[in-house]
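What follows is one structure encoded as structure tokens, with my remarks underneath.
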Amino acid sequence: MEIVDISPENFVYDYDIINNDKDHFDYYKKYYNLHTEFLRPLNIKIDINLFEKEIKQYHTKFRRWGDNRNHLPRYGISLVNYDGNIDGKYDIACGPLDQYNSGKHHTEHLWDDAFTKKTEVFYNLQSMRPLDCIKNFLVRSTINLKHKHGNFVPHFDTMPKPNIQNLRLWGSNTSKGIEYKFLGNTVIDIEPGRLYLIDTTQWHYIISHKDWVYTFFIALNNSQETFDWLKNNLI
Ligand SMILES: [Fe+2]
């Protein structure tokens, strides 16, 4: 960079760009006003007994979760994906999107907000009806399944930036047999079936120490309506 005049009276401000910067500061504050803890319980609860019975009809349609860590028993099936189809050869929603986007076989990058079509799993399972109250906000969402040793190594999923257009919810069928940590802290007192607003800007990991651990991996768009709904439905 060139040597310049540093006297403040000679600096020429561009207020269009300064105002654009303001959007970033405002969104950061808005994001962390809502995400005051790693997990915040929401007024949505899935009936786990019913879910575990119902999901069996789809056990033959689960896919491997991505293809980058095939040494682990990690699977998924879509509630909301790109085309509403769970029978296609691939389902991009069922795997890490950063990994998909880094692939060389396509040029278009896809993020959670590009996935808006609900699947038959969403519509057919009675146990998913508690999600109807957020159906207008849902984007890429899956049911994940891990057996023993299934894990997600330490990572973060999102950033508090206005162009990262998703907010994440999380829930599990069990509070036992999973090791879940964020910023070095241990997640305790998970209520099975409860959906939580989750702050995945924080580094976290999860390891399953037993079989048949389901997680509800739900994303919502980041509209003002979604923020308002979440604020009103925290418990
Ligand atoms: Fe994550």
Among (1) more than 18 Å from the chain's Cα centre (by Cα); (2) modelled with pLDDT of 95 or more; (3) surrounded by 12 or more Cβ atoms within 10 Å (Cβ to Cβ), GLU37 falls short only on (1)
Which is modelled with pLDDT of 95 or more, assigned to a loop (DSSP other than H, G, I, E, B) and among the β-branched types (Val, Ile, Thr), of THR200, THR226, THR215, THR158?
-> THR200
Restricting segment 140-172 to residues that are surrounded by 20 or more Cβ atoms within 10 Å (Cβ to Cβ), away from the ligand (no atom under 11 Å from the Cβ) and among the polar types (S, T, N, Q), which is farthest from ASN81 (Cα to Cα)?
-> SER172
Exactly one of (1) out of contact with any Lys or Arg (no Cβ under 6 Å at 6 or more places or on another chain); (2) within 24 Å of CYS133 (Cα to Cα) is unmet by ARG194. Its number?
-> (1)
From ARG129, ARG140, ARG168, which residue is in a helix (DSSP H, G or I) and among the basic types (Lys, Arg)?
-> ARG129
Could you count how many residues in segment 38-80 are under 15 Å from LEU195 (Cα atoms), of a type outside the set (D, E, K, R) and outside any strand (DSSP E or B)?
-> 4
Among (1) free of Cβ contacts under 8 Å to residues at least 40 places away in the same chain; (2) in a helix (DSSP H, G or I), where does VAL121 come up short?
-> (1)
Does LYS231 fit the bill of being part of a loop (DSSP other than H, G, I, E, B), among the charged types (D, E, K, R) and away from the ligand (no atom under 16 Å from the Cβ)?
-> no
Is one or more of the residues making up segment 190-209 more than 16 Å from the ligand (Cβ to nearest atom) and more than 26 Å from ASN233 (Cα to Cα)?
-> yes
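The values are calculated or read from the model by the stated rules, or taken from the named source; none is laboratory data. Here the structure is a predicted model, which means the values were calculated and not measured. FYI the Cβ positions are ideal-geometry reconstructions off the backbone, even for glycines, and counts take in every protein chain you see.
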